[in-house]
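The values are calculated or read from the model by the stated rules, or taken from the named source; none is laboratory data. Computed from a predicted structure; not experimentally measured. Using ideal geometry, Cβ is built from the backbone for each residue, glycine included, and neighbour counts are taken over all protein chains shown.
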Amino acid sequence: MLYTQSNCDKKTPKITSSTSHQIKLSLGMTLIELMVSIGITSILTTIALPSVNSFIVQLRVDNEISRLARLLLTARNNAIYSGDNVIICPLENNGTCSVNWHEQLSVFIDTNSNQQFDNANNELLITTKGPITSGDILKYAKNRNKITYQATGHLFGLSNGTLRYCPKGYEEKSRAIVVARSGRFYASTDNNNDGHDETRSNQKIICD
């Protein structure tokens, strides 16, 4: 019986030792090409890294401002609904308020109006917000240690207050929340498009 070679076998090119060597060369990368690729990658990384860092810081600041706004809204609503004073402040272990606004913040109902949290008197701790990123700065007004909402929704006191947030090494990205005596608040914006946030009275955000 005679066997004939199939059409597929006829059309398939034979790989010789010479062509095999050429294929291996085409799949590889020369040392010069590798060095050029590494150089280009390093340059692009150097150019892009500052922009990426700046973007990450901006996200951190915006997120913190958003969290503070929710905290203020929670305190104001609970004061109105409960009919008691509600306080936002950095709480010490003994229930008193401090000026360390960069630490954990607490919102609680001050049932007996003594301006501190009395766990023994079953005062309600509504919510907390974790500390800010280490090295960043958060301040409220001039060394005030609390924000107190009355049952009317107004602030306790005679003046507005400003929460100022300044990220370390990126002071130009500082933002703030201004709390009015009415209890309403607003976040700062870049009013004049100079790359820095200002309040509605055109004051720049400074944490010094």
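Counting only strands (runs of 3 or more DSSP E) wholly contained in segment 119-196, the ones carrying 3 or more residues that are of a type in the set (A, V, I, L, M) occupy 175-179. Can you tell me which residues in segment 166-183 are basic (Lys, Arg) and either surrounded by fewer than 20 Cβ atoms within 10 Å (Cβ to Cβ) or more than 18 Å from the chain's Cα centre (by Cα) (or both)? Hits for segment 166-183 are 168, 173, 181. Against the test of being under 19 Å from residue 60 (Cβ atoms) and polar (S, T, N, Q), the options 82, 174, 106 yield a single qualifying residue, 174.
Per-residue answers, yes or no, for (1) modelled with pLDDT of 55 or more; (2) out of contact with any strand residue (DSSP E or B) (no Cβ under 7 Å at 6 or more places or on another chain); (3) of a type outside the set (S, T, N, Q):
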residue	(1), (2), (3)
11	no, yes, yes
18	no, yes, no
36	yes, yes, yes
63	yes, yes, no
74	yes, no, no
79	yes, no, yes
84	yes, no, yes
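Screening segment 151-160 for residues that are modelled with pLDDT of 95 or more and not polar (S, T, N, Q) and picking the one that is farthest from residue 55 (Cα to Cα) gives 151. Looking at segment 152-159, can you tell me whether even one residue there is of a type outside the set (Gly, Ala, Ser), touching a Phe, Trp or Tyr at 6+ places or on another chain (Cβ under 9 Å) and closer than 17 Å to residue 85 by Cβ? Scanning segment 152-159, I find at least one residue that is of a type outside the set (Gly, Ala, Ser), touching a Phe, Trp or Tyr at 6+ places or on another chain (Cβ under 9 Å) and closer than 17 Å to residue 85 by Cβ, so the answer is yes. The residue pairs whose first member lies in segment 96-121 and is touching a residue at least 60 places away in the same chain (Cβ under 8 Å), whose second member is in a loop (DSSP other than H, G, I, E, B) and surrounded by 17 or more Cβ atoms within 10 Å (Cβ to Cβ), and whose beta carbons are closer than 8 Å, counting only pairs six or more residues apart or on different chains, are 101/90.
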